[in-house]
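*Asks:* To start, I am sharing the structure in question, which I have written as structure tokens.
The values are calculated or read from the model by the stated rules, or taken from the named source; none is laboratory data. In this text, all values refer to a predicted model and were calculated from it rather than measured experimentally. Here the Cβ positions follow ideal geometry from the backbone for every residue, glycine too, while neighbour counts run over all protein chains shown.
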Amino acid sequence: MEWKRVLHALPYIAILRGLIPENAIQIIGALQDAGFRAVEIPFNSPEPLKSLESAVEKFGDDLLLGGGTVLTSEDVTSVYNAGGRFVVSPNSNHNVIKTTKSFGMVSIPGVSTPSEAFAAVNVGADALKLFPAENLPPVAVKAWRAVLPEDLWLLPVGGITPALVAPYLAAGANGFGLGSSLFRREWSTNEVVRAAQTFVSAYRSLVG
């Protein structure tokens, strides 16, 4: 499963922080129906590996599934053993990046400065999580885009709303990680679906 091809139609990664295993299939299935093709299950969720394993069993042939808030090489191994295909971190730990790549998974470390960005790329990062996006507005992304490799995906994460999709894409972002604007543990499935549909509409209105 080539990750850029999977994300081409809708370049969003759903960040399901707080997801519980009992609701994993229902929530992920609803997001799939809304058009999402990539789901991150953060490690600071209840039993994240259990949720990931059940999601992989149900949706692994159709969706890009991975682990988030991954801070150690040991956690990378756990994501791999659970069937995950990508690893996202809030920081840029070079050992985590290298371990991720050793398993053939997609590495998406978090960076907030150009120095961190180039260092992560040099050790194998496939894409960069621009985090927190509140501190990296579109004007900053435009400046980064001018100097980073053209084929390197930049994914703003943190505080992304549907209204921010257009200005970030215009600045050179390739996609987004969507957290609390898309999913909250206390929300019903219908509330998640409504949020998902709003994000989908925001992107599709730009691409026709």
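*Asks:* What are the residue pairs meeting all of these: first residue in segment 126-144, first residue more than 27 Å from residue 99 (Cβ to Cβ), second residue in a strand (DSSP E or B) and of a type in the set (A, V, I, L, M), Cβ atoms under 7 Å, and 6 or more apart or on different chains?
*Replies:* Within 7 Å, the pairs are 141/130; 141/154.
*Asks:* Answer with yes or no whether residue 151 is within 18 Å of the chain's Cα centre (by Cα) and closer than 30 Å to residue 200 by Cβ.
*Replies:* On the way: within 18 Å of the chain's Cα centre (by Cα): yes; closer than 30 Å to residue 200 by Cβ: yes.
Spelling it out, residue 151 is indeed within 18 Å of the chain's Cα centre (by Cα) and closer than 30 Å to residue 200 by Cβ.
*Asks:* Restricting attention to segment 26-60, and to residues there that are of a type in the set (Asp, Glu) and assigned to a helix (DSSP H, G or I), which single residue is nearest to residue 155 (Cα to Cα)? Reasoning before the result, please.
*Replies:* From segment 26-60, those of a type in the set (Asp, Glu) are 33, 40, 47, 53, 57; that's our starting set.
In the following step, the residues that additionally are assigned to a helix (DSSP H, G or I) were identified as 33, 53, 57.
Working: 33: 23, 53: 25, 57: 27 Å.
Only one residue tops the list, namely 33.
*Asks:* Does at least one position in segment 101-111 carry a residue that is surrounded by fewer than 23 Cβ atoms within 10 Å (Cβ to Cβ) and either of a type in the set (Lys, Arg) or at pLDDT below 95 (or both)?
*Replies:* Scanning segment 101-111, I find at least one residue that is surrounded by fewer than 23 Cβ atoms within 10 Å (Cβ to Cβ) and either of a type in the set (Lys, Arg) or at pLDDT below 95 (or both), so the answer is yes.
*Asks:* Also, quick follow-up: Working only within segment 61-86, note down all residues that are on the phi < 0 side of the Ramachandran plot, crowded, with 16+ Cβ neighbours inside 10 Å and outside any helix (DSSP H, G or I).
*Replies:* Correct list: 63, 64, 65, 66, 67, 68, 70, 82, 84, 85, 86.
*Asks:* Only residues that are over 18 Å from residue 140 (Cβ atoms) and of a type in the set (Gly, Ala, Ser): list them for segment 82-112, please.
*Replies:* Matches in segment 82-112: 82, 83, 84, 89, 102, 104, 107.
*Asks:* Would segment 91-98 turn up any residue that is of a type outside the set (Ser, Thr, Tyr), surrounded by 19 or more Cβ atoms within 10 Å (Cβ to Cβ) and in contact with a Phe, Trp or Tyr (Cβ under 8 Å, 6 or more places away or on another chain)? Can you show your working first?
*Replies:* Taking segment 91-98 as the starting set, the residues that turn out to be of a type outside the set (Ser, Thr, Tyr) are 91, 93-98.
Those still in the list that are surrounded by 19 or more Cβ atoms within 10 Å (Cβ to Cβ) too: 93, 96-97.
Okay, now just the ones that are also in contact with a Phe, Trp or Tyr (Cβ under 8 Å, 6 or more places away or on another chain), so none.
No, there is no match, as no residue in segment 91-98 is of a type outside the set (Ser, Thr, Tyr), surrounded by 19 or more Cβ atoms within 10 Å (Cβ to Cβ) and in contact with a Phe, Trp or Tyr (Cβ under 8 Å, 6 or more places away or on another chain).
*Asks:* What do you reckon, is residue 163 part of a helix (DSSP H, G or I), hydrophobic (A, V, I, L, M, F, W, C), under 19 Å from the mean Cα position of the chain (by Cα) and closer than 15 Å to residue 88 by Cα?
*Replies:* On the way: part of a helix (DSSP H, G or I): yes; hydrophobic (A, V, I, L, M, F, W, C): yes; under 19 Å from the mean Cα position of the chain (by Cα): yes; closer than 15 Å to residue 88 by Cα: no.
Considered against the rule, which asks whether it is part of a helix (DSSP H, G or I), hydrophobic (A, V, I, L, M, F, W, C), under 19 Å from the mean Cα position of the chain (by Cα) and closer than 15 Å to residue 88 by Cα, residue 163 comes out as no.
*Asks:* Can you name every residue in segment 1-27 that is within 14 Å of the chain's Cα centre (by Cα) and either surrounded by 15 or more Cβ atoms within 10 Å (Cβ to Cβ) or touching a residue at least 40 places away in the same chain (Cβ under 8 Å) (or both)? Spell out the reasoning first.
*Replies:* So in segment 1-27, the residues within 14 Å of the chain's Cα centre (by Cα) come out as 3-4, 6-8, 10-17.
Scanning segment 1-27 gives 3, 4, 6, 7, 10, 11, 12, 13, 14, 15, 16, 17.
*Asks:* Now for a separate question. Is segment 161-175 home to any residue that is more than 21 Å from residue 40 (Cβ to Cβ) and polar (S, T, N, Q)?
*Replies:* Filtering segment 161-175 for residues more than 21 Å from residue 40 (Cβ to Cβ) gives 163, 166-167, 170-172.
Then drop every residue that is not polar (S, T, N, Q), which leaves none.
No, there is no match, as no residue in segment 161-175 is more than 21 Å from residue 40 (Cβ to Cβ) and polar (S, T, N, Q).
*Asks:* Still on this structure: Exactly one of these conditions fails for residue 170: (1) among the aliphatic types (A, V, I, L, M); (2) without any contact (Cβ under 8 Å) to a residue 60 or more places away in the chain; (3) surrounded by 14 or more Cβ atoms within 10 Å (Cβ to Cβ); (4) assigned to a helix (DSSP H, G or I). Give me its number.
*Replies:* Going through the list (1) among the aliphatic types (A, V, I, L, M); (2) without any contact (Cβ under 8 Å) to a residue 60 or more places away in the chain; (3) surrounded by 14 or more Cβ atoms within 10 Å (Cβ to Cβ); (4) assigned to a helix (DSSP H, G or I), residue 170 breaks only (3).
*Asks:* Can I ask one more? Residues being among the small types (Gly, Ala, Ser), touching a helix residue (DSSP H, G or I) at 6+ places or on another chain (Cβ under 8 Å) and part of a helix (DSSP H, G or I): count how many of those fall in segment 108-126. Write out each step before concluding.
*Replies:* Our first condition is that a residue be among the small types (Gly, Ala, Ser); within segment 108-126, this holds for 110, 112, 115, 117, 119-120, 124-125.
This time we only want the ones that are touching a helix residue (DSSP H, G or I) at 6+ places or on another chain (Cβ under 8 Å), so: 112, 117, 119-120, 124-125.
This time we only want the ones that are part of a helix (DSSP H, G or I), so: 117, 119-120.
Within segment 108-126, residues that are among the small types (Gly, Ala, Ser), touching a helix residue (DSSP H, G or I) at 6+ places or on another chain (Cβ under 8 Å) and part of a helix (DSSP H, G or I) number 3.
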